[in-house]
Amino acid sequence: MNVTSEQLPKNQIKLTIELTTDELKPHLTAAAEKISKTVKIAGFREGKAPLDVVMRNAGEMRVYQEAAELAVKATFPKAVTQEKLTTIGSPEVSVEKIAPNNTFVYTATVTLLPSTNLCDYKAVKVEKKAVAVEQKEIDDALANLQKMLGKEKRVMRPAQKGDKVEADIQTFRDKIPVDGGESKSQPIQLGEGSFVPGFEERIIGMKEGETREFTLTFPKEYHQKDMAGKPVEFKVKVNSVFEIEKPELNDKFAKTIGKFEKLDDLKKQIEENIKREKRDKEHQRWELSMIDEIIAKSTFGELPQMMIDAELDKMMHELEHNVTEQGMKFDDYLTSIKKSTDDLKKEFEPRAEKRVKAALIMRKIVKEEKITVDDKEIDSEVNIGKERYKEDKDVLKKIDSDEYRDYLRTVLSGKKVFKLLAGKDAN
């Protein structure tokens, strides 16, 4: 097999691969066997007719075309290995010459993994910030638990901060109803700041059955661009007012939350939970900062567009998932921000490029440090996942897939890279 290469723009390479008649012959034999399984040939069992007989019955060029496909599948990986290339994606194949008693020539244009010249990554240092929990954070968590366990009591007095009201809301711009701006019996928790600034303050003091009209200017950064920074008129009718009776914070309250004998035990658990969450966030910040520093000090070959596009597709999928998780249709979200998927992809492209560079860095460090993840480590993670989602058949099916094992291998090797960057033994 003779292989010649030609460097192309955008980090692509064109391989010209030539097979002699002898090298092509096994593929012709395999092609004849494959064809004879679908073409009935008198005097021969299925798949047993010799090459010359199959050519006479099925057509010489059909056999050669089938052989060409088999030859490409068998020889392209060998050519890549021979040329010591690291490719991504599938090759674009073009048959240049195929004829009886002639060499077989084809070209394969493929994208190369871009070069990555790493900086001295072990010398890169990013300091981890100390994590502390303030008393207010514990108090706020306790207040939220109180609210969750609170009981609603309908009252006939004016609404106060901390009450819940149910109200009919109509929204207008220049006295014209806003599309989708009307809601019936909308629950509003006064004091939470879930609505437009100033809205909840206007509801305070209203009684059941009372109607009030007022105008508010929407924030300039409001997600609906046609309303951002604009005056909007509201007509609100309060249907009911509920006082929230919160349980007293004591040992009895702690016992209703979980297996806590005393309120102090609950407070300690809340403090530990908050501290753990803060540690996780700080670790994520540290990881991102480390990668940013290494990217800034390293150099990269031209990034193939296919890698950037693949990352953009992932980012769009992540965004769509987050939007739908919040109960909103993705198309409605795009309409609300007045952008198309192409607009978002254009905005996301710099971040996608950084994510591609981060993946290249991780891959290079794994290779240079000879970091490995064995099957036992992956099996352990798979078993944890199976136990966690044992009631969900769809998730269990995904956990058992080869794709999920590949994903775990990437995640676990990434953890080992960051362990190394933190100055610890990766294995």
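Rule-based calculations on the coordinates, nothing more; no lab input. Computed from a predicted model, the values in this text were never measured in an experiment. A quick note on method: Cβ atoms are made from the backbone with ideal geometry, for glycine too, and the neighbour counts reach across all protein chains shown.
Here are a few things to note about the model shown:
- By the count of other C-beta atoms within 10 Å, a proxy for reagent exposure, LYS416, LYS275, LYS40 are ordered fewest to most as LYS40, LYS275, LYS416.
- Read-out Cα extents along the principal axes in Å, derived from the coordinates shown; its label in [x] 99, 57, 46; [y] 124, 55, 43; [z] 65, 53, 38: [x]
- Short to long, the 5 Å bins of the Cα pair-distance histogram for segment 126-208 hold 3, 10, 16, 18, 16, 12, 8, 6, 5, 4, 2, 0 percent of all pairs.
- Sequence-distant contacts, meaning Cα pairs under 8 Å at least 6 residues apart, place the relative contact order of segment 152-245 at 43 percent.
- Cβ-derived FRET efficiency at R0 51 Å, GLU245 paired with MET306, nearest 0.05: 0.25
- Residue-span extension gain [LYS424 to THR21] - 0.36 nm each, minus C-alpha spacing: 139.5 nm
- Magnitude of the charge dipole for segment 2-113, about its Cα centre and with charges confined to Cβ atoms of Lys, Arg (+1) and Asp, Glu (-1), is about 340 debye.
- The phi torsions of segment 147-161, fed into the Karplus equation with coefficients 6.51, -1.76 and 1.60 and a -60° offset, translate into couplings of 5, 4, 8, x, 10, 8, 10, 5, 10, 9, 8, x, 5, 10, 4 Hz, rounded to whole numbers, with Gly and Pro shown as x.
- For GluC sites (Glu not before Pro), the sites in segment 371-416 that DSSP calls loop and that have at most 14 other Cβ atoms within 10 Å are GLU391.
- Positive-end extreme of charge dipole, the chain - chosen from ILE337, VAL178, LEU19 (charges on Cβ): LEU19
- Checking the cross-link pairs LYS161/LYS252; LYS184/LYS278; LYS34/LYS364; LYS151/LYS237; LYS125/LYS370; LYS14/LYS364 against a 31 Å limit on the alpha carbon distance flags LYS184/LYS278; LYS34/LYS364 as lying beyond it.
- Sequence-distant contacts, meaning Cα pairs under 8 Å at least 6 residues apart, place the relative contact order of the chain at 14 percent.
- Proximity of backbone amide H atoms, modeled 1.01 Å from N, is registered between THR217 and VAL232 at under 5 Å, excluding neighbours fewer than 5 places apart on the same chain.
- Couplings 3J(HN,Hα) for segment 192-207, derived from phi with the Karplus relation 6.51 cos²θ - 1.76 cosθ + 1.60 (θ = phi - 60°), are 8, x, 7, 9, 4, x, x, 5, 5, 4, 6, 7, 4, x, 7, 9 Hz, where x marks Gly and Pro.
- Each Lys and Arg contributes +1 and each Asp and Glu -1, all at the Cβ; summed about the Cα centre of the chain, the dipole is approximately 460 debye.
- For VAL382 and ARG173, the FRET efficiency from 1/(1 + (r/R0)^6), where r spans their Cβ atoms and R0 equals 56 Å, is about 0.55.
- With a Förster radius of 22 Å applied to the beta-carbon distance between THR211 and LYS153, the computed FRET efficiency rounds to 0.40.
- Between helix 305-325 and the chain there is an angle of about 30 degrees, using the helix long axis and the longest principal axis of the Cα atoms.
- In sequence order, calculated HN-Hα J values of segment 339-351 (Karplus, 6.51, -1.76, 1.60; Hz; x Gly/Pro): 9, 9, 4, 5, 4, 5, 4, 5, 5, 7, 4, x, 5
- Relative to the current alpha-carbon distance between LYS10 and VAL39, full extension at 0.36 nm per residue lengthens the span by 6.0 nm.
- Note on the chain: helix-only mean residue ellipticity at 222 nm, from DSSP H runs of 4+ residues weighted -39500 (n - 2.57) and normalised by residue number, equals -16000 deg cm²/dmol.
- Between SER340 and GLU134, residue separation times 0.36 nm minus the direct Cα-Cα distance comes to 69.9 nm.
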